[in-house]
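Structure first, then comments.
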Amino acid sequence: RNFFDLKTYTAAVTYRGNKLKFYARAGADYRDFAAKYFYTTSTYDESIEKVSSYWTQTALIFDQENSRTELNASYRNGKDSFAFSPSSINKHTTQRINATLSQNRKMGSVDVSFGFQTDWQDIVSTDRGDHQTISNAAFILAQKEINHLHLNGGIRIENSKKIGTQLVPQLNASYKMNKLVLRSSLGRSIRQADFTERFTSYKLSNLTPGRNVGNPDLEAESSYNFDIGADVYLSKNLQYSNTLFFRQSSNLIDYTLTNSDAIGNLTNLQANSDYLYAKNISNSTTWGNEFGLKYTQNIQNGRIGASLNYTYLNTSTPDSVVSKYIANHPIHNLNGSLNIRYAGLGLNVGGALITRNAEAVEAINAEIRNQYAIVNLKLSYTVSDFPASVYIDIRNALDTRYQEILGAQMPGRWIMGGIRWRFNHYKIQPIIY
């Protein structure tokens, strides 16, 4: 039986002067939820997780005639209590500090941005141990328009102890002509393993089979991405778009079913038992197509909007690798929405038809179906000249039983209702003596 209890609180302040601008936001987040089979396929799994975090982010901006200098900084502190079973509780405290100093400047007909970034992370954990990591980067971006051609390119150099020095280039281009926009992008991306992928279950003794285990020797993921597409404005009401994309990845990180006898860098596993072990899969190829159709029409006292989208996604990995997440995605995703507003009445209908590879684990009554449909409905009413509206929201109106992660049952039909109130806001002008 699943449950969740989520609370989020945020507050922000902004100051805008002639040249100087300042922004700050703080927040707190609390989550208590059932996590059974989120991370394992073990028959002993009775997971419950509690997560609390607080965070701050600030920005200081100085504008001049031909340049803008900006300093962004953020801090996040998180506490996670994960109970695999009543007798097995792991606790983690994580911290992260990120700072970016950048400047935007116009050099002739080219807009240039450059800067530096640092990122520090820390974890104190009962099952993963105590670890720290820091990475630093420098970057430069440039934009230029030549008649109807818009070019945007950049390069980033990133360094950390774990991944060494990595070069990340990116190039984007778009061309406008009448009712047609042609666009394309090409670039590289990297990602180093996080603390969970490297150290999960690292310090637990005599670990039961079927659980996720980390790999401290993981290398960074690397991907090369390419896409090409077009947006066609058939009329002022009708828009069509299509994008073909391709990604070639190496050293992808995923949890693969591995016998403990083949794992040489962990000593807390049971002999000749299978675990979901984090590995660098040698390579993965993903390609697909995104199609979209959008229609809007103003009517008397209202507006009609409709959309239809289709995505095809294909991922292939070496035949011998059974991974947990990389290829665990829909193959066909057909979704759409209809929005009608008339006077104060609003109706929204949205849905999706998903087709994917079926999976099942009988021992935990887990099944990912080959095909399923989800429909959501929302009805609202806004009183004229009154800053409030009422709504009723029906999620999964067809009461479809489905799982997106093997074993983690998604909610059936559930109904929400509420009141939305819009408060007036005022700008405060400080008095300076």
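Taking region 161-187 as the range and being open to solvent by 70 Å² or more (accessible area, probe 1.4 Å), free of Cβ contacts under 8 Å to residues at least 40 places away in the same chain and either on the phi > 0 side of the Ramachandran plot or not in a strand (DSSP E or B) (or both) as the test, the residues that pass are K161, N178.
One residue stands out in region 22-72 among those that are β-branched (V, I, T) and within 30 Å of A12 (Cα to Cα): the one that is surrounded by the fewest Cβ atoms within 10 Å (Cβ to Cβ), namely T56.
Checked against the criterion of being of a type in the set (A, V, I, L, M) and closer than 26 Å to N280 by Cβ, the candidates L186, L171 yield just one match: L186.
Residue count for region 75-93 under the criterion of being part of a strand (DSSP E or B) and farther than 16 Å from S201 by Cα: the result is 5.
Screening E158, E145 for residues that are assigned to a strand (DSSP E or B) and open to solvent by less than 80 Å² (accessible area, probe 1.4 Å) leaves exactly one candidate, E158. Among the candidates A142, A59, A73, the residue that is touching a strand residue (DSSP E or B) at 6+ places or on another chain (Cβ under 9 Å), within 22 Å of Q166 (Cα to Cα) and among the small types (G, A, S) is uniquely A142. If only one of E221, E197 is open to solvent by less than 50 Å² (accessible area, probe 1.4 Å), closer than 14 Å to I123 by Cα and not small (G, A, S), which one is it? Within the list E221, E197, the selection yields E197. Among the residues of region 128-142, the ones that are open to solvent by 60 Å² or more (accessible area, probe 1.4 Å) and closer than 30 Å to G78 by Cβ come to 4 in all.
Here region 350-387 is the region considered, the condition is being modelled with pLDDT under 85 and over 30 Å from T40 (Cβ atoms), and the residue that is most open to solvent (accessible area, probe 1.4 Å) is D385.
Does I253 meet the test of being among the β-branched types (V, I, T), assigned to a strand (DSSP E or B) and open to solvent by 80 Å² or more (accessible area, probe 1.4 Å)? So I253 does not fit the description; no. Take I190 and tell me if it is free of Cβ contacts under 8 Å to residues at least 24 places away in the same chain, under 27 Å from D122 (Cβ atoms) and either open to solvent by 20 Å² or more (accessible area, probe 1.4 Å) or part of a strand (DSSP E or B) (or both). Criteria not met by I190.
Of all residues in region 7-29, those that are closer than 23 Å to V51 by Cα and in a strand (DSSP E or B) have Cβ atoms under 6 Å from Cβ atoms of residues that are open to solvent by less than 80 Å² (accessible area, probe 1.4 Å) and acidic (D, E), 6 or more apart or on another chain, in T8/D29.
Selection within region 73-112: residues that are open to solvent by 40 Å² or more (accessible area, probe 1.4 Å), within 30 Å of T41 (Cβ to Cβ) and over 25 Å from the mean Cα position of the chain (by Cα). The member of this set that is modelled with the highest pLDDT is I89.
In region 196-249, of all residues being part of a loop (DSSP other than H, G, I, E, B) and among the hydrophobic types (A, V, I, L, M, F, W, C), the one that is nearest to R183 (Cα to Cα) corresponds to L234.
Residues in region 113-127 that are assigned to a strand (DSSP E or B) and open to solvent by 70 Å² or more (accessible area, probe 1.4 Å) were compared, and the one that is farthest from S201 (Cα to Cα) is F114. Taken over region 1-21, the residue count meeting the criterion of being open to solvent by 80 Å² or more (accessible area, probe 1.4 Å) and out of contact with any strand residue (DSSP E or B) (no Cβ under 7 Å at 6 or more places or on another chain) is 3.
The values are calculated or read from the model by the stated rules, or taken from the named source; none is laboratory data. Since the structure is predicted, the reported quantities are computational estimates derived from the model, not experimental observations. A quick note on method: Cβ atoms are made from the backbone with ideal geometry, for glycine too, and the neighbour counts reach across all protein chains shown. For accessibility, only protein heavy atoms count, side chains too; no ligands or nucleic acids. Shrake-Rupley method; radii C 1.70, N 1.55, O 1.52, S 1.80 Å.
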